[in-house]
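What follows draws every value from the coordinates through simple rules; no lab data is involved. In this text the structure is predicted, and so the values were computed from the model without any measurement. Cβ atoms come from the backbone with ideal geometry, glycine included; neighbour counts cover every protein chain shown.
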C-alpha cells in the first residue's frame with residue numbers, strides 16, 4: 001500500500017483548525033501515528049527563561 005508520507009503522519013485539516021487551546025488529537029483515523037497539538041505560550045516561556053538567566 002502506497003503512503004504519501006513514509007512516517008504515517010496524516011493530519012486532518014478540519015480537526016487541526018478546530019483546536020482551541022487544549023490538547024487535541026488532529027490525525028486522521030487511518031494514520032499510523034497519533035498526532036497531538038498542545039497549546040503553548042512561547043513568548044512567556046522565553047521571557048521567564050531570560051529572567052532566570054539574569055538573576
Residue under question is residue 39, and the condition is that it be surrounded by 10 or more Cβ atoms within 10 Å (Cβ to Cβ) and either on the phi > 0 side of the Ramachandran plot or part of a loop (DSSP other than H, G, I, E, B) (or both); does it hold?
yes
Please tell me if residue 33 is in contact (Cβ under 8 Å) with a residue 24 or more places away in the chain and surrounded by 10 or more Cβ atoms within 10 Å (Cβ to Cβ).
yes
